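Only one structure is covered here, and it is reproduced in the block below.
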């Protein structure tokens, strides 16, 4: 699925919800542990429960890598299970010198055929360029993140602006709104108005709503543009909404609530 | 192996060479392709050929991830094959919000028990902290990298200094020279004198000698400290020194040449 198809999906479903599959074996319901592949079973159940209310799934690679070789098998099978009607994101935050970034791009666009991958900007253009060279794939570069550490560098002065502003301004010239999105944390909602001045047309992937405390109302107020232009991610607030045998019902309910609220902002 | 044992190994071997296993299936000698696991066979042969001349091996995860699930199996087996007398580095350049970085730390310090892992600084302290909490493990944070893109952000002004200087200064307060090293590219050798003023005691992992054009002589002149304090990485210049059936001999020869030159600087 490319960006234009994502825009259509958002219009049809009246939702810009991305469900984050940050699946931690230690946090999934106890009754699933009897399964030989509990994490995959959990992911499939969450996808079945939420697919009507979201337009995207984001797989946080860290949680799977920590399981070793088996974790990558689960990434592969989970990706395969996600309906083609949904925009798939590898939240991998990769970035390295050109020839190495080309390998990462191959990993997440070919070997594991995601629609998009998150990329760290620190190492500059040649670390991002190999991702942008894939047609109909989307590169999502870190702008202003949702964590406390954002104040260490991203929010520090950098030649008359904040570093994250320089990053948005510089990186946005390397691609187009069709192949380039940015991560902007919901916990920095007040910055979104400013972000929209720098990148009015790019989609923003917004983590931090829910468990991290960001407000969906504020994010939507400042972040929406004429194409929607937002993918709001909720991970823990949806996938761990329930902790018992009712986890599927609770996850569906949490996702539906996000969708219902989003529908009101998409008037 | 911890940092103190690395210092001893450097003294004993009179070498601060790290061999980078950036193994690309398309670049290994044709005769190996008959093997059912050509990349692993290549890695084992390179390790056997070079282990007397180097003190460390660095596995560039990108090249293995691009192979899919099988690639992680090769990482595991290659890591297991490296002698315990060598310092092992996962060149993974990870970094995310705290709870996700904790998963990456688990990945590279427990699931795959490397001695060290490379980490990107953009997201700030809570993205680095989970790595530093492991005792006797080493976190190697990106400072000034060897690629052209270093000029986009790392070498830009950031409050009266360059961004990479701010990163070195800020991050060095989060750890100690025992658990924290920095990546500083050899193609920026002239900056090493300055780097040493900011972080006199931390080890520097220096890529970019050889194929990327950096000078070992300059790097050593400006980078060595009383503990050596340098790990100079060579990847393509060693592992692809030969392209035929003599690749083992050529790789050993290239590694020995680096060691011989390093020994003269360690007087």
| remark: When restricted to B:124, B:95, the only residue within 19 Å of residue A:141 (Cα to Cα), at the interface with chain A (Cβ under 7 Å from one of its Cβ atoms) and under 17 Å from the mean Cα position of the chain (by Cα) is B:95
| note | How many residues of segment A:138-152 are facing another protein chain (nearest Cβ under 7 Å) and over 17 Å from residue A:195 (Cβ atoms)? The answer is 3
| task | Please give the number of the condition residue B:9 fails out of (1) over 25 Å from residue A:107 (Cα atoms); (2) out of contact with any helix residue (DSSP H, G or I) (no Cβ under 8 Å at 6 or more places or on another chain); (3) surrounded by fewer than 17 Cβ atoms within 10 Å (Cβ to Cβ). | result | (3)
| said: Among (1) on the phi > 0 side of the Ramachandran plot; (2) part of a loop (DSSP other than H, G, I, E, B); (3) facing chain B (nearest Cβ under 9 Å), there is one condition residue A:67 misses while meeting the rest; what is its number? | reply: (1)
| task | Could you check residue A:90 against (1) closer than 25 Å to residue A:4 by Cβ; (2) more than 7 Å from chain B (Cβ to nearest Cβ); (3) over 16 Å from the mean Cα position of the chain (by Cα) and say which number it fails? | result | (3)
| note | Given (1) more than 25 Å from residue A:166 (Cβ to Cβ); (2) at pLDDT below 95; (3) within 15 Å of the chain's Cα centre (by Cα); (4) within 13 Å of another protein chain (Cβ to nearest Cβ), residue B:213 misses just (3)
| task | Considering only segment A:26-53, state which residues are buried (at least 22 other Cβ atoms within 10 Å of the Cβ) and closer than 16 Å to residue A:249 by Cβ. | result | A:28, A:42, A:46, A:49, A:50, A:53
| From B:257, B:267, which residue is assigned to a loop (DSSP other than H, G, I, E, B), without any contact (Cβ under 8 Å) to a residue 12 or more places away in the chain and surrounded by fewer than 23 Cβ atoms within 10 Å (Cβ to Cβ)? | B:267
| Any hit, segment A:200-211, residues being assigned to a helix (DSSP H, G or I), touching a helix residue (DSSP H, G or I) at 6+ places or on another chain (Cβ under 6 Å) and at negative phi | no
| task | List the number of the failed condition for residue A:182; all other conditions in (1) at pLDDT 95 or above; (2) surrounded by fewer than 24 Cβ atoms within 10 Å (Cβ to Cβ) hold. | result | (2)
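The values are calculated or read from the model by the stated rules, or taken from the named source; none is laboratory data. Keep in mind it's a predicted model, so treat the numbers as computed, not measured. No Cβ is skipped: glycine too gets one built from the backbone with ideal geometry, and neighbour counts run over all protein chains shown.
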